[in-house]
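Only the coordinates and a few stated rules stand behind these numbers; no lab work does. Here the structure is a predicted model, which is why all the values come from computation and not from measurement. Here Cβ is always computed from backbone atoms with ideal geometry, including for glycine, and neighbour counts include all displayed protein chains.
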Amino acid sequence: MAVDHRLVTLTAIDGATHDALLVIDERATRHRERASGRRTACYHVHGIMGNFLVGTLRFIAPQVARAGFPVLVIETRMGNVGQLFGPGIFDKARRDIDVAVRWLREEGFTDLVAMGYSSGATLATRWAATRHVPWLRGLVLFGAPWGLPESLELRARRWGAEPDYETLYATAEPIVHSKQGAEDDRLFVIERSRGPTRQPKDSEVYTYRTWWHSRGPEAYPAKTHLQIGGVWAPILMLQGTADTVVFPEEAPRLADVARRAGNRDVTLQMIEGATHFFKDREIITMQHVLRWLRAHA
């Protein structure tokens, strides 16, 4: 039987509605359930773009599903226009994961693996650290930043971003704390935020409120290193050695934080030559993921 794709519409507790895509191989799922005694599903949270053109969403879900682990790819309020038009407040996106996990439970899945890519890795970590779901079997992080604020600040300094981090903080603070709040918010571009050129590929776009709540220095829920110590489930981290968006040295530091907090099952896998998008390193990345899933889920 081929991998099946099912579109699901989910409504969070605050009324926010998003689509999700269940990728499932029914035959492989039944086989895995008979072999393990568990009916395990994964959820996967996107990065900043929230689509299937970049990062791990390009290749992860079908391969994992063929191994008997269905994947629910979740769209959240942080994706695509969420950061452009203001609803993408980082910590509220946990509600989008909550409803997705509840849906999986109602569909009969007994165990769960949380997955996230880039900013989605930070969100998945925050969710796993604060929700304490007893049927969580593990957390898989692809290109997880030390923290969204810190990683942006590091890139800004390395590439000479305009406006610089300090200027953004000084501009955003009075706006987000004004009485008018969202009414005073507006859109802006950071040039040379993800690379050395002024081209769109090296730029980022936010509103001041979405920047403040996900990349500002007081965005504590978006600081992965402050969250990962609260994750009790096994963790797999995959990090490219050629990543220029999340610098490779951030991953070992995160793993150390988790281990020092008492998590005895933290695996860090550096993918030689992989960029932030894991392009041309999909096969080796999948091999590590599937080996870990078979051992843990």
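Quick look at the numbers
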{"item": "Shape category assigned to region 28-130 from the gyration tensor of Cα positions, a/c cut at 1.5", "result": "prolate"}
{"item": "Considering only the chain, percent of DSSP beta bridges that pair antiparallel, nearest 5", "result": "40 percent"}
{"item": "Proxy reagent accessibility, fewest Cβ within 10 Å first, across Glu106, Glu173", "result": "Glu106, Glu173"}
{"item": "For region 140-283, projected area of the alpha-carbon convex hull averaged over all directions, nm²", "result": "9.5 nm²"}
{"item": "From the C-alpha gyration tensor of region 24-70, square roots of 5λ in Å", "result": "25, 10, 6"}
{"item": "Rg to Rh, two decimals, where region 151-214 supplies the alpha carbon set and Rh follows Kirkwood", "result": "1.00"}
{"item": "Relative contact order, percent, the chain [alpha-carbon distance under 8 Å, six or more residues apart]", "result": "17 percent"}
{"item": "Anisotropy class of region 86-168 from Cα gyration tensor, a/c 1.5 cut", "result": "prolate"}
{"item": "Whole-angstrom gap from region 218-283 to region 1-40, using each part's C-alpha centre", "result": "26 Å"}
{"item": "Volume per residue of the C-alpha convex hull in the chain, rounded to whole Å³", "result": "122 Å³"}
